[in-house]
Each structure stands twice: as C-alpha cells, then as structure tokens.
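Here's the structure we're looking at; comments come further down.
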Amino acid sequence: MTETRLNGAATVDGAVRVPGDKSISHRALILGALIRGRSYIGNLSPAADVAATAQVLRDCGGSVRPFGDGRVSLDGAGPGISLSSPSAPLDCANSGTTMRLVSGALAAHDLIATLDGDHSLQRRPMERVAAPLRAMGAEVTTLDGHAPMQVRGTAAPLGVVHHLKVASAQVKSAILLAGLNAQGPTVIHEPQPTRDHTERLLRACAADLEADGVSVTLRPTRLEPFGLRVPGDISSAAFFMALAAARPGWRVRCLGIGLNPGRTGILEVLTAMGARVEVEEGPMAADVEPQGDVVVTGAPLHGVTLEAAMVPRCIDEIPVIAVVATQAEGRTEIRGAGELRHKESDRVAQIVAGLRILGVSVEERPDGLTIEGPARLRPGRLDAAGDHRLAMAWAVAASLIDPAEEACVIDGADVVAVSYPGFFEDLAALTS
Ligand code: S3P
C-alpha cells in the first residue's frame, strides 16, 4: 500500500484546469459506441473508471479509438446491434458507473455477458439496476444483489414505466440506454432530480426525449452521431474549491468546469458557508453542457445544514464538504445522505473515523453526520479505504493543518487515479 505524506499548505493561490468530467465521459463513450455513424469526443476524462468503460465496450465489439490528447472516435452500428457477447467476464474495475450504465446498454442487445469488478464494486447494490432491466425483458441475475451480474439481453426490450425508489442518475441512465431501441416509450419517475447528462447528450443526438426534472419520457427514434468536448470535472475541482474556501484570502480559479445544475450543489454549499464563489459562464460545450470558470475565495465560514434534496446535487462532494465544515464556526449537519454508505466505501463511517483521527468532534447517524467546528486539525494517519474521493478529501484536510506541524500520512492515496490521476501534482502547484 502506498503512503503519501502531506504537510499543511502555507497558502492556496492559482488557476487549475482539472481533467474532463468523468460522468459525461462514460456517457459519451457508451452512446458513441451505440449510435450509428462516427461520433467524436474531446477532453475525455483520464480516470481509470472511464478507461474501464472504454475497455468493456471494446470487449463487447464496440469501436472505441483513442487518437491522443483525450480525443476519441467511435463508430456504432445502432442501438440493439452495436454490441455482442464478450468472450470473458467484463472487468468494470472500481467503477459503479461502468457496471450500471453498461448493463443498461447490454440489456438491449441480443447477447450474454457477465459484469464483475473489484472488491469495493462487488459490495455495491446492483438490484436497483437489475430489477428495472428485468422489467424491460432482459434476464439479469446478481449474487445476492451484488456483482458478478449476468445480463442476457434482448434486441427488442419492452417500453416500461418505472418508478424509482432511489434517486440515482446511474439507474436512470441505464434504463434510458436500454430504452433506446425499446418497443414503446420508456418513462422514468425519480424521487428527486439527479444529474441529467444522459438526457442532454441524447437530445443533442436528436432523441425524442421529454424531461421535467423528476420524470423522463424517451421514445425510440433514429439517433445522430455527435461531437462533444467534455468540460472539466466539477467533482474534481471541488477539492480545490473547498480548500481555498477554508481560509480567508486563499483563492483558486477553476477553468472550464462543467456547470450542469445537477452537479453545482458544491458551489451553493460553499456560498452558504460564507465563501465567495464567482461563476463566469462560458459558451455551452457543443450546445449540450453548461461550463465556465469558477473563482472561489476563502472567508470566515459558518456551519450549514445540508438537507436530503441537496444531496444528489453534491453527492460526490460530501467527503470534502465534511472536511471544510471542520473549519466553519458552529454545527454542520448532513442529512438524508444514507446513499453515501453505498459508494466506493461506506463514506459516512469513513469520514467520521478520519475526522476523529484529525481531532474533530463528529457524530455519526444512519443517514449522515454532524460536525462541530471550528477545529484545529492535528496530524495523523488517514486511510483512503480504497476510495478515491476519500483520498482527495484527506489530502485537503492535511493541507489545512498548520504547516509547522508534522505531516499527515494517507494510506493508499494512489487510488486517486480512479477519477483524477494528476490530483497530487495539481494540488502541489496550487499550494507551492
Ligand atoms: C454518477 C452518479 C452518482 C455519483 C457517481 C456518478 C453518474 O451515483 O455518485 O459518482 O455518473 O451517474 P448515483 O447515481 O448512484 O447516485
């Protein structure tokens, strides 16, 4: 296991261009591999998760050709005919998005495939995606609700009205991918709005799709290939924005990041805590996704309450929100976030354990946590727990310790490659 030693930062100042958005990259790869004709992607995320999606598509006969610098060309034959049975189990590695979204695409092809992944992925819930795909006519089996998951798809899936119990963009997207060549309309009702990257890209490809925030209706039509330059990943930029927010006078400019309203909860949370957040919207990326620069300047912060409705809009940022909350005056409560227990690790339990090591007073609840601030963080040994977002949240915490103190040690921080391989280099550039 790697050991990463990190001292507190004296200052944070500068501009950073984080890599392409991971969520959008997965979707662009899958849709490009399905849609008839040649699609192009620029600024594809270099995340290991995204590489897993590209490889899994190739293993199913998909044509995914990188040509350097994050550029990729894809040639599909059309939904229902682009993919075929792989010769071995598909390795989704650590990536829940790969497993769930690809299972949707596979369910709408006449093939049989097994999707598997690492130990972390094998403990994540898969019935939430298996059940709706079964309703559409695919045969899907899981091992007690977990991977390995076997999909025997059908090239003629049924149009079904789905009422989802969990607010999950991954499940919604899997169903939409399975619905592209369904026999009738696919309708999805969500309990809360979630990121709509799949819907936006489908609309850009001329899909017949109506959405009103919590319901989506998709009617199969012929889709057009697309060209998309992926904006920067706001979930990666969030670590630097949170770090800059935590100290008056610290400042970061994040260039060209995605500003999809389903993802911008972090900007609202930091603003509510008292940080200065300036958004300079740029031109839409290929008329599909809003993007622009965001400047965050630190200020004295105060605690906030994060309610369930906000959670899907900042689900992946909660570990770093918890870290920044340690520097805020008063109590920060995170509620309705039980989904965090089903991510790459049990993030509620891991955040609580790590914050206690740093000397923070924190209370764990089944659906969230309460943090008392401000705390003077003390150095310690933190565990990334095989979870990329925890590794980066602990790096932010370590950076907030008095530079005169000892370094923090993060065990297993190389897991950042799952979403952001260059994270430590970019952090060093901003703090030096
Ligand atoms: C994602 C959706 C979220 C998020 C994950 C990526 C996506 O998961 O946590 O990192 O790309 O659709 P859920 O949809 O399961 O909440």
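Quick note: the coordinates plus some simple rules give every number you see, no bench work behind them. Nothing here was measured: the structure is a model prediction, and the numbers come from that model. Glycine gets a Cβ as well: all are built from the backbone with ideal geometry, and neighbour counts include every protein chain shown.
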proj_area_mean for the range 38-77 (convex hull on C-alpha atoms), units nm², value 2.6
Helix 169-179 sits off the longest principal axis of the Cα atoms of the chain, rounded to the nearest 10 on a 0 to 90 degree scale, by 10
In the range 22-217, taking the dipole from +1 charges on Lys and Arg beta carbons and -1 charges on Asp and Glu beta carbons about the Cα centre, the listed residue (176, 25, 98) farthest towards the positive end is 25
Mean projected area (nm²) from the convex hull of Cα positions in the chain is 17.9
Taking placed amide H atoms and a strict 5 Å upper bound, the residues 5 or more places from residue 306 or on another chain that come that close are 333, 334, 335
For the range 22-217 the translational diffusion coefficient, Stokes-Einstein from a Kirkwood Rh over Cα pairs at 37 °C and viscosity 0.692 mPa s, in µm²/s, is roughly 203
If every Lys and Arg gets +1 and every Asp and Glu gets -1 at its Cβ, then about the Cα centre the chain yields a dipole, in debye to the nearest 20, of 580
Magnitude of the Cβ-charge dipole (Lys and Arg +1, Asp and Glu -1) of the range 241-349 about the Cα centre, nearest 20 debye, reported as 400
Of the convex hull enclosing the alpha-carbon atoms of the range 128-215, the direction-averaged projected area in nm² is 5.6
Charge dipole of the chain built from unit charges on the beta carbon (Lys, Arg +1; Asp, Glu -1), centred at mean Cα; most positive-end Cα among 149, 273, 125 is 149
The distance between the Cα centres of the range 379-432 and the range 149-181, in whole Å, is 37
With +1 at each Lys and Arg Cβ and -1 at each Asp and Glu Cβ, the charge dipole magnitude of the range 22-217 around its Cα centre, to the nearest 20 debye, comes out at 220
Expected sort for 93-104, 156-167, 262-273 on mean C-beta neighbours within 10 Å, highest first, is 93-104, 262-273, 156-167
Summing -39500 (n - 2.57) over every DSSP H run of at least 4 in the chain, dividing by its residue total and rounding to the nearest 500, the 222 nm mean residue ellipticity is -9000 deg cm²/dmol
Once amide hydrogens are built 1.01 Å from N within the peptide plane, the residues lying 5 or more places from residue 90 or on another chain with amide H under 5 Å from its amide H are 114, 115, 116
Restricting to Cα pairs under 8 Å and 6 or more apart, the percent relative contact order of the chain works out to 18
Here, trypsin sites (Lys or Arg not before Pro) of the range 342-432 satisfying both criteria (DSSP loop; at most 16 other Cβ within 10 Å) are 376
In terms of the charge dipole of the range 22-217, which places +1 on Lys and Arg and -1 on Asp and Glu at the beta carbon, the residue among 54, 83, 39 farthest towards the positive end is 39
Env charge @ residue 58, Cβ radius under 13 Å, K,R +1 / D,E -1, value -2
The rounded separation in angstrom of the Cα centers of the range 3-80 and the range 332-359 is 28
